[in-house]
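Visitor: A single structure is presented below for examination.
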Amino acid sequence: MLQLGYLTDYEYICINHKSYIINQKMDIFKLQSYTKAELAQLYSPHSEGPAALQTLYRWMRRNETLMAELDAVGYNKYRHSFLKQEVEIIVKYLGEP
């Protein structure tokens with residue numbers, strides 16, 4: 001018998017009481033440094049680059065505690081990328097993309 005707990009590269013679904021295994025590698029978000037465009041695209045995959053960036057910036061600005069914590073670690077809004085520590089803070093408040 002196949003134990004579903006060990007399926008790491010497959011997705012298991014049940015439709016109309018029948019079980020299916022979809023051969024699909026699941027993407028896992030990694031905590032690392034990202035360019036701002038890369039992280040924005042992860043949060044808004046259906047948006048174009050500039051629109052995704054604006055959406056991410058809007059979410060960040062509306063969350064005052066997120067911005068306060070980013071400022072405390074030396075966040076620079078002019079830097080091209082987010083440092084790993086900044087990504088951790090963003091994920092803490094916005095969740096994983």
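Computed from the coordinates by the stated procedures, all read-outs in this text should not be read as laboratory data. What you are looking at is a predicted structure, and each value in this text was computed from that prediction instead of being measured. Note that each Cβ is placed from the backbone with ideal geometry, even for glycine, and that neighbours are counted across all protein chains shown.
Visitor: For the ranges 63-76, 30-43, what's the packing order if you count other beta-carbon atoms within 10 Å of each residue, average per peptide, and put the highest first? Present the calculation step by step, with values, prior to reporting the outcome.
Guide: Values: 63-76: 13.4, 30-43: 15.6.
Put in order of decreasing packing, that is 30-43, 63-76.
Visitor: Counting only residues 5 or more places away or on other chains, whose amide H sits under 5 Å from the amide H of Tyr34 once H atoms are built in the peptide plane?
Guide: Phe82
Visitor: Could you please report the charge total around Tyr75, scoring K, R as +1 and D, E as -1 over all other residues with beta-carbon less than 15 angstrom from its beta-carbon?
Guide: +1
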